[in-house]
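Only one structure is covered here, and it is reproduced in the block below.
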Amino acid sequence: MAQYLKESVREAIVRGALLVLAERGYDSTTMAEIAEASSISVGNIYRYFRSKTELYEAIITDDFVSEFEGLIRKRVRALSSTRDIRELEASAPYHVISEELFRFSLSNRRKIVVLLGQSAGTRRECYREQLVEILVGIAIEYARGLEGGYEGTEIDGFNIRLIY
């Protein structure tokens with residue numbers, strides 16, 4: 001009789017992998033450590049995921065990264081030409097989106113830790129630097145909206161990169 005893959009087992013593997021990846025990083029994590037954290041045998045993990053890379057990709061999906069970036073972009077764009085966020089009403093889109101980004105980050109904190117700091121050895125190992133460049137671009141775009149004609153200098157970009 002054929003055995004069926006169970007969603008509860010898959011979820012346990014993902015939870016265990018996320019714990020180990022967040023602590024040790026992709027390069028340093030072994031499937032045996034993931035198995036131990038998941039309370040599942042290594043062999044059983046391979047029934048669900050062909051490789052550590054496939055498991056990583058199941059956790060840090062393109063959709064997850066897009067949603068994270070989208071919320072960040074949406075938050076800054078919600079400022080529009082506001083110079084001082086203290087002037088915004090509590091119900092202003094900026095505050096609503098800030099709350100949404102906060103809740104997303106809180107509920108996905110381990111994924112964000114893995115994405116931003118523990119992805120060496122994956123296709124996302126430079127993502128932190130890519131996100132900094134995205135943030136620099138957003139900051140300069142925002143400044144242009146405030147100053148009208150602001151182009152930004154190399155030094156401005158350097159300083160913003162340091163901040164991020």
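Taking the Cβ-Cβ separation of Glu154 and Lys74 as r and a Förster radius of 22 Å, what is the calculated FRET efficiency to the nearest 0.05?
0.20
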Residue-normalised value, i.e. accessible area per residue, for the chain at 1.4 Å probe, in Å², stands at 63 Å²
Total charge of the residues flanking Arg50 in space, meaning their Cβ is under 14 Å from its Cβ, with Lys and Arg +1 and Asp and Glu -1, is +1
So, with points 7 Å from each Cα along the Cβ direction, the Thr61-Val96 label distance in nm works out to 2.6 nm
So for R0 = 35 Å, FRET eff. of Asn44-Ile163 from the Cβ-Cβ r, to 0.05, ends up at 0.15
Ranked output for segments 69-78, 96-105 by mean other Cβ atoms within 10 Å, highest leading, reads 69-78, 96-105
With the label point 7 Å along the Cα-to-beta-carbon line of Lys6 and a cut-off under 14 Å to each amide N, the hits in the range 26-43 are 39-41
Excluding ligands, DNA and RNA, the carbon-plus-sulfur percentage of the accessible area of the chain with a 1.4 Å probe reads 52 percent
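The values are calculated or read from the model by the stated rules, or taken from the named source; none is laboratory data. All values derive from a computational prediction rather than experimental measurement. Ideal geometry is used to build each Cβ from the backbone, glycine not excepted, and the neighbour counts take in all protein chains shown. Accessible surface areas use protein heavy atoms only, side chains included; no ligands, DNA or RNA. Shrake-Rupley method; radii C 1.70, N 1.55, O 1.52, S 1.80 Å.
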